[in-house]
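Enquirer: What follows is a single structure, and I will ask about it in a moment.
Just so it is clear, none of the values below were taken in a lab; they were calculated from the coordinates. Fair warning: this is a prediction, and the values are worked out from it, not measured in the lab. Quick reminder, even Gly has a Cβ in these numbers, built from the backbone with ideal geometry, and neighbours come from all protein chains shown.
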Amino acid sequence: MGQEELAEVQEWFEQFEPVLPGAVGAAAQSVEHVLMAKTVEIIRDNLRQHPAVEAWRQFQPGCPEPEQIEVLNLKKKSAVYRLAGAGPNRSAVIAKRCRAATAAVERAVYDELPARLPLPALCCYGWLLEPESKYCWLFVEDAGNHAYSAASDEHRALAGRWLGTIHRTPLSAQFQARLPDRGPGHYLKRLGLAQAVLLELADNPLLSSDEMALLRTVLAQGEVMQAHWSELERFCEGWPRVLVHGDFAIKNLRLQNGSTAPALLVYDWEMAGWGVPATDLAQSLTRCASPDLEVYCSILRQDNPHVQPATFDGW
């Protein structure tokens, strides 16, 4: 397994750290497959010397000094900070350090959507490449703190309307060419890489018998999915390829108060690509947005009157 592929799988596994059993987490750390734990921290001292502030001031000379820095996410391969008061009109700026290849996908989306989408969208101020490095800084408008809840019918309806609008919005061929493939083949590859990581954990002596049984169950389920993957590919053949977010989860959504109704703001496009919409429509998982499928279909029916929620059963 190459280093770039391993890094991708590591970042994917990290999303599920909160639900991993303790010993499984410890075992994963021992073979370096679980990344640095998320950090919650507010920095108030020596702000000018912080790398995020230095990068923002280099990109935006003369910007105000932040009131504080909030550490929103800290991983081995990326970090996200909120620079309070450092943006236009003393607004907050989100500074994200990540691999340049990842940022290129996000930047492509932020460049395209505001001009195409008839819905509110976050502004990307730009990016700054680190010299002699594979990393860069991406600077984005802060989405605020009004959290999304999959338990709210209103929120789920907003998500369904937003996705339906995205999936029927015409996008340029140039934009499509900038996006990675997110068809079934991409997820089959990710499944295989994940299976390889789990197999490396299978012989770890830190695992209890119960955890070993859980690990073997997950591996067996993965093998079943791999064996039936051709069926999934045939099912997806009839669906048009669209822009997919790829991580349409609660943590990547915020609500914004509008003049007549709240609007949905979506960020963290690093897993985005061109593929089938199934990954964004996932239902009944604790971390997923679970968009309202009836509302989603009502938007798509403007182009195809035969689309019904039952079409997506099992997604």
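Enquirer: I'm told W239 meets every condition in (1) in a loop (DSSP other than H, G, I, E, B); (2) farther than 30 Å from S172 by Cα; (3) hydrophobic (A, V, I, L, M, F, W, C) except one. Can you identify the failing condition by its number?
Expert: (2)
Enquirer: Another one. List every residue pair whose Cβ atoms lie under 8 Å apart, where the two residues are 6 or more positions apart in sequence or sit on different chains, the first residue falls within region 248-260 and is small (G, A, S), and the second residue, located anywhere, is surrounded by fewer than 20 Cβ atoms within 10 Å (Cβ to Cβ).
Expert: Pairs found: A249/Q15; A249/R287; A249/C288; G258/P120.
Enquirer: Do you know which of the residues in region 244-274 that are out of contact with any Leu (no Cβ under 7 Å at 6 or more places or on another chain) and outside any loop (DSSP other than H, G, I, E, B) is surrounded by the most Cβ atoms within 10 Å (Cβ to Cβ)?
Expert: If we take residues in region 244-274 being out of contact with any Leu (no Cβ under 7 Å at 6 or more places or on another chain) and outside any loop (DSSP other than H, G, I, E, B), then V244 is surrounded by the most Cβ atoms within 10 Å (Cβ to Cβ).
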